[in-house]
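Novice: Have a look at this one before I ask anything.
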Amino acid sequence: MEYYLQLIVNGLVVGGIYSLVALGFVIIYKATKVVNFAQGELVMVGAYMCFALTVQFNIPFIWAFFITLGFSVLLGLAIERMVLRPLIGEEHISVIMVTVGMSSVLKSLVQLFWGTQIKVYPQVLPSEPIVIAGLPVAPVYIAAFVLSAVLFAIFSVFFKYSRTGIAMRATAFDQQAAQSMGIGIKNIFAMSWCIACVVSSVGGVILGNINGINSHIGHLGLKVFPAVILGGLDSLLGAALGGLIIGVLENVCDGAARQLLGLGGFREVAAFIILVIILMIKPYGLFGTKEIERV
Amino acid sequence: MQGKCGLFFTSYCGEARIFQSGFQKLMVVLLIAALCVAPLVLDVFTTSVMNLIFISVIGAVSLNLLTGVCGQISLGHGAFIGVGAYAAGQCSLHGVPFPLAILTGGLITAMVGMVFGVPSLRLKGIYLAIATLAAQLVLEYVFLHGGVLTGGSNGLLLDPPQMFGFSFDTEGRMYYLLFAFTAASLLMVSNIMRSKYGRAFVSIRDFYLSAEIVGVNLFWYKLIAFGVSSFLAGVAGGLWGHYTGYISAEQFNIGLSISYLAMIIIGGLGSVIGSVFGAIFIVLLPEVLNIVANGVGAYFPDIAQHIVALREGVFGLVLILFLIFEPEGLANRWRLAKAYWKLYPFAH
Amino acid sequence: MRVGTIITAVCITLLAGLMLFGCGGEDKKSAETSTNDASPIKVGGLIDLSGPTSSVGAPYADGIKGGVKYVNENGGIDGRMIELNLQDTAYNVQQGLSLYKKMVNTDKVVCIQGYGSAVTEALIRNLAKDKIPDLSASYSAHLTDPKKAPYNFFIAADYSTQARAAIKYFHENWKGEGAPKIAFIYPDHPYGLAPIAGAKAYATELGYDIVGEANVSLKAIDATTELLPLKNLAPDFCWIGGTTPSTSVILKSAKNIGMNTTFFTNIWGSDENLPMLAGNDANGAYSNQAAAVYGQDVPGMKAIMEITDNKPQMTHYTRGFVSVLVMAEGLKRANANGPVTGESLKTALETLRDFDPMGLAPLISYFPDDHRPNMAVFLYVIKDGKLSFVKEEILNRRADWLGH
């Protein structure tokens, strides 16, 4: 029993990282209805940019962090202008494939500039583990958890109460109506991509602190799908909770599979089986907006 | 049905023919003749590339039937090809004759495909894509943990196909076998597209609500789409397994699914000839890149290495460029080129 | 209608005729070169320069290039230069097969320097059919059985033998009471699963108590949940069969939960990057290696340091270098006995007895019925962030271990 409790705590902790990545995903979907298969690669690019600034140019970490955020804004603008804008109005499959293409391009660019070697990240957080419920937890994960909570709070407030946030939600709901109310949707799209890139960079820095960076940490982007589907594709709260829940469920299923069924390595696939089950029962997730179709 | 100026049909049969004019028929005959002569004049390596193209065409056309014609986005195609490869491989290893093994592999894959098509009843668009992504990952896990059925982590070693005591163990012989299968699958898909089923698929893609009102049973036809598409994917997988001689779980990963999706998008969604163009393009892309790298490598030795490492980036870039500038794919380009030639000097 | 039928009939006859024609067998000209000429010997390289394993593939490829350079600068193969054509397989089996066919059929190479298990396994049948030897960097045990893989060789002891050698070393130096307890951590991947059965069998044979095992993915970012049950079972020794990133995650998680176990890793699981990634948590871990560390005092290291301008390289570089040295020795013997073909190279390699690759790796012998290069492993321990040599452990060449 204590084992399962520890699994849950560890799941919450690792789920914090999923939440961070899921947040960026949901921000893009919320504003533009684009499913971004390149979310993992955006995290990777953020991590590499911070690495380059800290290690290669020897800038103190705090400044490097903020400059990375600045670069992320530029990256978001570039992506939106060059890749996504020509595809406004195209069908789903085209948009999905363009993000897939983008993920390949980003991966290759990172390999071109920084090579394929594993890079070690500068450690900015203390490495002494903090003990929670009998389980030692590295401070990096606590930081991820705290950051997701903070970012989630900031963006919830932003989307609910600020003009721009409401404009973004309006654009997602009905582009034509938003345009006729005078909202510049091109700016909205650009802003949502910038915000998502910034959030991903934060995630990337955290991820880099955990185990160094290489050009393949982008696979985390795939892990995000169960989290966002569980939470609802356009719900921020859903993304935050979905990440945590998926982290916990993954661990619990893995532990149960090993003890009861003798299956190894189940955690990789557990999240996706949960995904299929959720899709069958509640396709719009826990907090997503239900699309009601009128014939 | 896009009729040509000057062709007058006096029966429905004539109108529904796949090759409608005498000129088209002649061209097809010449093409077949050229393809038959090809392995005798080309070297072994080029023949092997053509073999890869044939297998990819079968896979691409099956995915196009599901995604391009019926509108169901599927990210699990690589896994279905894997199911076909393992099923046909196991049949072969148990002594089943080769043609029967391929067919059995296809049928098993069709059933698996239909099982994973069940979510399509409730899911559309993005959600279906993500469900098929889950299918891909779950099937990969099954391949790795299939124990005796899939050889688990060691994979399966297969013998080259044998029919009537005749062994297809050289590139040239496999070429003719694969050519036959490819021609058969292309004909099959073309026929489906001009039948009642094809029209139902198109109606589901275009606007499923109207299709439902008109009386098309959505769930049944979607299942059929998944089934037929998976059958052909299974056939492609079985052929791939016997051609390569070795199958393992790593070969049927998400990268394979994405490359097939790229094939149909670059080629053109919803058209048979688009699938062919797309398959040729994607299979030849690494070869062209190698040639470019070798050519450049003569002048700048170091850059050659980088160019090849950028293979994935070039693939992504090509995909993005096609989606931005030519969203309807190579089939559209082909159609426009033909129209230009036929209508010159008129614009339309 | 009639014209249509006639055309169809003609086509079918043509097709049938051509099929019979085409099935008359191919004109196979195997790659060969006569004894008295000085033409270069062509060798192909199929390495992952991009893709998930590229962080170790790139140094390995550099090692191969360095080895070829060294051989060519020192007289080549009795005056004939080695011409290396190194291509990137990018962890893609289709790409690897395609490149292989090009190399064998168009470029007429006599030997392949291979790399990862995905492509190497896919090539087993083709290599046997085309009679081209492949010296791979995939050290799977079943590639050592010439009955299954007649044209596969590699220069390091296979993964199972490496695990057994480490297990024997720890058993010999066990000073505690009772039976030592051992556990296994490996990824759910062919590469990780391969040596486990053989290692477990040998551990039981020596009297170890196998307390448990755990599955940690190659892409894991945290291993705490997998390690918790193991910690409670308190193994004295634990095998980690991953790659460097996952090994680092395991070591760090183990340190976090306070696991007091001696870890020993496989050859791709620890290299110079491990102490960098895992920091102090890597100290005390043992590492199986099959080649000397850069700067170690062995005869061949001087040559390597010269070629690399004293820039430190990873152990993967040294292994690539040794792979070329072994191939060159085989080529020399084949060249002395007639035309160099893939087949003659294979026969020549099988005459190697205790070949010494300039001290960079344990002595290598191949036999016609046993392609295991040796039963030796260099054991290193990570001390103060560096790999430091402990012992060369040698096992008996047992026949019942061949192939798994």
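Please treat every number below as a calculation from the coordinates, not as lab data. Predicted, not measured: the structure shown is a model, and the values here were computed from it. As a convention, Cβ positions derive from the backbone with ideal geometry for all residues, glycine included, and neighbour counts pool all protein chains shown.
Novice: Specify the inter-centroid distance of segment C:276-352 and segment B:274-332, based on alpha-carbon positions, in whole Å.
Specialist: Segment C:276-352 and segment B:274-332 have Cα centres spaced 35 Å from each other.
Novice: Using the Kyte-Doolittle scale, find the helices of chain A whose mean hydropathy is at least 1.6 and whose Cα atoms extend 27 Å or more along the helix's long axis, counting only whole DSSP H runs.
Specialist: Membrane-span-like by this criterion, though nothing is claimed about a membrane: A:139-161.
Novice: Antiparallel versus total DSSP beta bridges in the protein assembly as shown: what percent is that, nearest 5?
Specialist: 45 percent
Novice: For segment B:207-213, what does the Karplus curve 6.51 cos²θ - 1.76 cosθ + 1.60, with θ = phi - 60°, yield as ³J(HN,Hα) per residue in whole Hz, taken in order and with x for Gly and Pro?
Specialist: 7, 5, 5, 5, 4, 4, 5
Novice: Hey, what number do you get for chain C at 222 nm if only DSSP H runs of n ≥ 4 count, each worth -39500 (n - 2.57), divided across all residues, to the nearest 500?
Specialist: It lands at -12500 deg cm²/dmol.
Novice: In addition: Within the set C:Lys231/C:Lys255; A:Lys33/B:Lys124; C:Lys102/C:Lys147, which residue pairs have Cα atoms separated by over 20 Å?
Specialist: Pairs exceeding 20 Å: C:Lys102/C:Lys147.
Novice: On to the next question. For C:His316, B:His306, what ranking results if the residue with the fewest other Cβ atoms within 10 Å of its Cβ goes first?
Specialist: Details: C:His316 23, B:His306 16.
Neighbour counts put them in this order, fewest first: B:His306, C:His316.
Novice: For C:Lys311, which lysines qualify as cross-link partners when the Cα separation must be under 20 Å and same-chain residues fewer than eight apart are set aside?
Specialist: The reachable lysines, counting only those whose Cα sits under 20 Å from C:Lys311, are A:Lys119, C:Lys65, C:Lys69, C:Lys302, C:Lys386.
Novice: Suppose we keep just the alpha-carbon trace of segment A:17-217; what are its Rg and Dmax in angstrom?
Specialist: Calculated on Cα positions, Rg and Dmax stand at 17.7, 57 Å.
Novice: Hey, what does the equivalent ellipsoid look like for segment A:1-81, semi-axes from the Cα gyration tensor as sqrt of 5 times each eigenvalue, largest first, whole Å?
Specialist: After scaling each eigenvalue by five and taking roots: 29, 21, 9 Å.
Novice: Classify the protein assembly as shown as rounded, prolate or oblate, taking a ≥ b ≥ c as the square roots of the eigenvalues of its Cα gyration tensor: rounded when a/c is under 1.5, otherwise prolate if a/b is larger than b/c and oblate if not. Provide the component values of the computation, followed by the final result.
Specialist: Details: a/c = 1.72, a/b = 1.11, b/c = 1.55.
Here the protein assembly as shown falls in the oblate category.
Novice: How about segment B:19-48: which chymotrypsin sites (Phe, Trp or Tyr not before Pro) there are in a DSSP loop, with at most 13 other Cβ atoms within 10 Å of their Cβ?
Specialist: Sparse-neighbourhood loop chymotrypsin sites (Phe, Trp or Tyr not before Pro): B:Phe19.
Novice: Around C:Ile210, which amide H atoms from residues at least 5 apart in sequence, or from another chain, sit under 5 Å from its own amide H, with H modelled in the peptide plane?
Specialist: Those qualifying (amide H under 5 Å, at least 5 residues apart or on another chain) are C:Ile182.
Novice: Now for a different question. How big is the gap, in Å, between the Cα center of segment A:81-138 and the Cα center of segment C:49-69?
Specialist: Segment A:81-138 and segment C:49-69 have Cα centres spaced 25 Å from each other.
Novice: Quick one: if you stick a label point 7 Å off each Cα along the C-beta vector at A:Ala143 and B:Tyr12, how many nm between them?
Specialist: Once both label points are built, they end up 7.1 nm from each other.
Novice: Follow-up. Can you give the angle from 0 to 90° between the axis of helix C:244-257 and the longest principal axis of chain C, with both taken from C-alpha atoms, to the nearest 10?
Specialist: 20 degrees
Novice: In nm, give the distance between the simple-model label positions of B:Phe23 and B:Phe164, each being 7 Å from the Cα along the Cα-to-Cβ direction.
Specialist: In this crude label model, B:Phe23 to B:Phe164 measures out at 3.9 nm.
Novice: Among DSSP bridges having both ends in chain C, what percentage is antiparallel? Round to the nearest 5.
Specialist: Around 35 percent of the beta bridges assigned by DSSP in chain C are antiparallel ones.
Novice: Using the crude model of +1 on Lys and Arg Cβ and -1 on Asp and Glu Cβ, and no other charge, please compute the dipole size for the protein assembly as shown relative to its Cα centre, in debye to 20.
Specialist: With only Lys, Arg, Asp and Glu charged at Cβ, the dipole is about 2740 debye.
Novice: For chain C, what relative contact order do you get, as a whole percent, if you take Cα pairs closer than 8 Å and at least 6 residues apart?
Specialist: Contact order relative to length: 18 percent.
Novice: Can you compute 3J(HN,Hα) from phi for each residue in segment C:137-144, using the Karplus curve 6.51 cos²θ - 1.76 cosθ + 1.60 with θ = phi - 60°, rounded to whole Hz and x for Gly and Pro?
Specialist: Residue by residue, segment C:137-144 yields 9, 8, 9, 6, 5, 6, 6, 8 Hz.
Novice: Bins of 5 Å, beginning at zero and ending with the bin holding the largest distance: percent of Cα pairs per bin for segment C:279-404, please.
Specialist: 2, 10, 17, 19, 17, 15, 11, 5, 2, 1, 0, 0
Novice: Helix C:224-233 versus the longest principal axis of chain C: what angle, 0 to 90°, nearest 10, using Cα atoms?
Specialist: The angle comes out at about 50 degrees.
Novice: By the scheme Lys and Arg +1, Asp and Glu -1, what is the net charge of all other residues having a beta-carbon under 14 Å from that of C:Asp369?
Specialist: Charge balance near C:Asp369 sits at +2.
Novice: I need the phi-derived Karplus couplings for segment B:237-248: 6.51 cos²θ - 1.76 cosθ + 1.60, θ = phi - 60°, integer Hz, Gly and Pro marked x.
Specialist: Karplus-based 3J(HN,Hα) across segment B:237-248 equals x, x, 5, 4, x, 6, 6, 7, x, 8, 10, 9 Hz.
Novice: While we're looking at this one, here's another question. Go ahead and run the numbers for FRET between B:Tyr344 and A:His219, Cβ-Cβ distance against an R0 of 41 Å, rounding to 0.05.
Specialist: 0.20
Novice: Go ahead and run the numbers for FRET between B:Leu321 and A:Ala256, Cβ-Cβ distance against an R0 of 51 Å, rounding to 0.05.
Specialist: So, using R0 = 51 Å, E works out to roughly 0.60.
Novice: Under the definition of Cα pairs under 8 Å and six or more residues apart, what whole-number percent is the relative contact order of segment A:17-217?
Specialist: For segment A:17-217, the relative contact order is 46 percent.
Novice: For chain B, what does the relative contact order come out to in percent, with C-alpha contacts under 8 Å and a separation of six or more?
Specialist: Reported relative contact order: 28 percent.
Novice: I've got another one for you. Listing C:Ser136, B:Ser190 from the residue with the fewest other Cβ atoms within 10 Å to the one with the most, what is the order?
Specialist: B:Ser190, C:Ser136
Novice: May I pose another question? Which of the chymotrypsin sites (Phe, Trp or Tyr not before Pro) found in segment C:315-404 are in a DSSP loop and have at most 16 neighbouring Cβ atoms, other than their own, within 10 Å?
Specialist: For chymotrypsin sites (Phe, Trp or Tyr not before Pro) across segment C:315-404 that sit outside H, G, I, E and B with at most 16 neighbouring Cβ atoms in 10 Å, the list is empty.
Novice: Rounded to the nearest 500, what is chain A's calculated 222 nm mean residue ellipticity when only DSSP H runs of at least 4 contribute -39500 (n - 2.57) each, over all residues?
Specialist: Result for chain A: -23000 deg cm²/dmol, rounded to the nearest 500.
Novice: Could you please rank B:Trp220, B:Trp341, C:Trp174, placing first whichever residue has the fewest other Cβ atoms within 10 Å of its Cβ?
Specialist: Ranked by crowding around the Cβ, least crowded first: B:Trp341, B:Trp220, C:Trp174.
Novice: Distance in nm between label sites at C:Asp78 and C:Glu306, each 7 Å beyond Cα in the beta-carbon direction?
Specialist: Going from the C:Asp78 label point to the C:Glu306 one covers 2.4 nm.
Novice: To one decimal place, what orientation-averaged projected area in nm² is obtained for the convex hull of the Cα set of segment B:42-343?
Specialist: The number I arrive at for segment B:42-343 is 18.1 nm².
Novice: Please report how far the C-alpha centroid of segment B:105-151 lies from that of segment B:24-85, rounded to the nearest whole angstrom.
Specialist: 22 Å
Novice: A further question follows. Kindly express, to the nearest 10 degrees and within the range 0 to 90, the angle between helix C:196-206's C-alpha long axis and the longest C-alpha principal axis of chain C.
Specialist: Roughly 40 degrees, rounded to the nearest 10.
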